[in-house]
1. Nearest 500 deg cm²/dmol is fine: what mean residue ellipticity at 222 nm does the chain get from its DSSP H runs of n ≥ 4 alone, each adding -39,500 (n - 2.57), divided by its residue count?
2. What FRET efficiency would be calculated for the residue pair Asp320, Val128, taking the C-beta separation as r and a Förster radius of 30 Å, to the nearest 0.05?
3. What ranking do 231-241, 142-152 get when scored by the average of other Cβ atoms within 10 Å per residue, highest first?
4. For Trp175, Trp242, Trp197, what's the fewest-to-most ordering of other Cβ within 10 Å of each Cβ?
5. Give the lysines reachable from Lys191 as a straight Cα distance under 19 Å; neighbours fewer than 8 places away on the same chain don't count.
6. Expressed in nm to one decimal, what extension gain is obtained for the pair Val98 and Arg432 from 0.36 nm per residue of sequence separation less their Cα-Cα distance?
7. Given H placed 1.01 Å from N in the peptide plane, which residues other than close sequence neighbours of Gly159 have an amide H under 5 Å from its amide H?
8. Compute the distance from the alpha-carbon center of the stretch 319-387 to that of the stretch 431-497, in whole Å.
Amino acid sequence: MNRRVRRLGIGFVVMFALLFGQIAYVQVFAAGRIANDPANATRQQIAEYDVQRGPILASDGTVLAESIDTGGEDALRYQRRYPQGDLFGQITGFYSSVYGRTGLEQTMNPYLGGSAPELATSNLTDLVLGKPKKGGTVVTTLVPQLQQAARDALGSNRGAIAAIDPRTGDVLALWSNPSFDPTELATGSAKEQQAVWDRLNADPEKPLLSKAFQELYLPGSTFKLVTASAALENGVTVDDPWPNPRVLDLPLTHGTLENFGGETCNGGSKTVTIVQAFTSSCNVPFAEIGLDLKADKLSEQAQAYGFCPTLPPDETGCSDPMIPFATSFQNGRFPQPSYFEQNDPLLAFSAIGLDNDLTNPLHLALISSAIANGGNLLAPRLVSEIRDPSSRVVKRFDATDSVSHPITGVTAETMRQMMVNVVEGGTGTAGRIAGVTVAGKTGTATNGEGEPPNAWFTAFAPAGPDETPTIAVAVIVLDGGDLKDEATGGTVAAPIAADVIQAWLNLRGGA
């Protein structure tokens with residue numbers, strides 16, 4: 001009798017072990033494969049859309065994305081809406097039943113969908129109380145009034161604007177024209193979403209990509225911020241004279257390099273200082289400075305400012321930025337020193353922002369921010385905090401988590417004054433604002449043979465010697481805007497930047 005009981009007990013133990021093993025296999029080892037099985041895709045999607053996804057908010061609480069209850073008539077109960085239309089479309093991204101997720105909808109998905117560990121307590125409470133599961137709220141640093149001001153300032157021009165608070169790295173505005181309305185990809189039938197998708201992807205202007213941070217362009221003379229910084233960091237003084245020919249004969253070649261328009265810098269004087277060359281944005285002296293620095297020092301300074309080192313045409317190792325951006329932010333491209341070996345002409349052109357130098361408005365605004373912030377560069381912060389469904393803050397993103405020091409405070413102060421000179425009496429006078437000291441730098445970059453140039457301007461304010469800058473801006477106007485071939489950064493982009501800065505100071509009760 002005891003033997004039978006023992007055998008029966010062993011049998012139960014074995015069966016429970018097998019049952020436990022099967023459950024563990026299904027829930028742990030095979031969970032990913034089963035979840036990703038195409039046969040379960042529809043079921044998984046329905047379950048996902050049965051959760052009331054959390055909203056995305058601007059810094060003032062303006063709703064940028066929200067979930068609307070369809071009333072249970074649809075298999076997908078909740079659908080996404082974007083009340084601001086295309087104003088923030090390239091930042092929020094879309095949440096589509098056909099094409100998945102992009103932008104903040106993708107990178108913040110664990111919080112928005114309610115699966116992040118920080119929301120476990122809230123989820124458990126809802127489960128105990130029998131309440132439906134809800135996602136968390138993502139709060140951004142964006143300022144809707146400034147985003148609209150950036151849109152208004154750029155107008156119908158193709159291009160982009162980035163605005164940052166130099167003290168914190170907070171992204172205040174990030175506008176790119178053209179943009180898109182993500183609601184069109186988040187609602188409607190699969191056929192309707194496909195029609196929108198096909199239209200957006202067929203558009204040669206690529207509205208699904210932000211020109212503010214997802215595309216790269218030659219920086220032109222705005223790169224002189226980097227070259228001047230490298231020179232000052234390596235012993236060049238504001239009084240050192242540099243030869244000032246109208247044309248620079250490039251070494252190892254019959255090629256030459258000229259100033260913009262073929263003019264002579266500073267009225268034709270035999271020498272110029274770095275301050276004079278920067279104020280008038282003279283190419284020849286800055287090419288000479290680049291050649292004198294050598295590739296190692298110029299590349300080192302570029303990397304310190306966030307340019308990813310490349311070996312053109314290969315960009316291996318350079319990752320594309322994904323919002324809300326990484327603490328080790330690298331967004332531009334600058335060649336590795338080996339690229340310039342026995343090729344000084346390329347180094348001369350790189351020193352003035354041509355050849356294979358690449359950047360975009362967000363990256364350029366960060367460079368200006370570092371100068372404005374005494375040489376301290378903060379990574380861009382787009383998301384400030386996460387809240388649970390009861391509005392309790394469960395995670396904060398510290399603005400000072402990542403700080404680098406591309407230049408010293410002494411160099412930053414010299415660069416500040418040089419940039420003020422550009423606006424007060426150089427190539428950037430169209431960036432002036434009455435009663436406000438503005439520091440800026442112009443740039444006009446080639447854009448392909450026979451094409452109008454791209455116009456750049458970056459600036460920060462207030463920029464007086466005893467003032468704390470609260471905004472740094474960078475603007476690019478593609479193909480010269482309305483002026484086409486006659487465009488320069490000073491004539492086209494500078495007034496746009498001034499409008500954005502003025503709007504920000506007005507919002508803060510300043511000028």
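1. -10000 deg cm²/dmol
2. 0.10
3. So the peptides 231-241, 142-152, ranked by packing, come out 142-152, 231-241.
4. Fewest-to-most Cβ neighbours within 10 Å comes out as Trp197, Trp242, Trp175.
5. Here the lysines satisfying the reach criterion relative to Lys191 do not exist.
6. That works out to 115.4 nm of additional length.
7. Residues meeting the amide H criterion: Asn177, Leu478.
8. 17 Å
Every number here is computed from the coordinates shown, using simple stated rules; none is lab data. Since the model is a prediction, treat every value here as computed from it, not as a measurement. In this analysis, Cβ positions are derived from the backbone assuming ideal geometry, glycine residues included, and neighbour counts consider all displayed protein chains.
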